[in-house]
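Read through the structure below, which is laid out as structure tokens, and then see the notes.
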Amino acid sequence: MNRLCELCGKRLAEHRHHALSDTRMNRILYGKLLDNPLNVYYLCSVCHLGKSIPKDSELLFCMKLKIKPRS
């Protein structure tokens with residue numbers, strides 16, 4: 001993966017961070033949709049550990065992907 005961090009734009013991204021958390025329940029409900037590019041941020045280690053990373057609610061996630069909530 002040769003892309004810059006989406007938060008700082010300075011360092012190479014080393015981590016994939018899900019806007020709607022990649023939890024067991026969310027995987028049961030949404031499966032591979034969680035890996036949709038609209039739900040994934042690419043971050044460097046510094047930002048992944050130290051900055052406030054945006055999180056999406058289930059409703060916002062569904063609006064972005066134009067699907068109905070499943071819970």
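Pairs of Cα atoms nearer than 8 Å and 6+ residues apart set the relative contact order; for the chain it is 35 percent.
Computed from backbone phi, the HN-Hα couplings of the stretch 28-33 come to 5, 6, 10, x, 5, 4 Hz, rounded to whole numbers (Karplus: 6.51 cos²θ - 1.76 cosθ + 1.60, θ = phi - 60°; Gly and Pro given as x). The trypsin sites (Lys or Arg not before Pro) of the stretch 1-55 that meet both conditions, a loop assignment by DSSP and at most 14 other Cβ atoms within 10 Å of the site Cβ, are 3, 10, 11, 51, 55. P(r) for the chain, from all Cα pairs and a bin width of 5 Å, is 3, 18, 26, 21, 15, 12, 5, 0 %, short bins first.
Charge tally around residue 16: other residues with Cβ under 14 Å, Lys/Arg +1 each, Asp/Glu -1 each, net -2.
Solvent exposure of the stretch 1-63, expressed per residue, is 64 Å² of accessible area, with all protein chains present and a 1.4 angstrom probe. Surface composition of the chain: carbon and sulfur atoms hold 57% of the protein heavy-atom accessible area at a 1.4 Å probe.
The values are calculated or read from the model by the stated rules, or taken from the named source; none is laboratory data. Bear in mind the structure is a predicted one, so any value in this text is a computation, not a measurement. With ideal geometry, Cβ positions are generated from the backbone for all residues, glycine too; neighbour counts draw on all protein chains shown. Areas reflect the complete protein model, heavy atoms only, side chains present, ligands, DNA and RNA absent. Shrake-Rupley method; radii C 1.70, N 1.55, O 1.52, S 1.80 Å.
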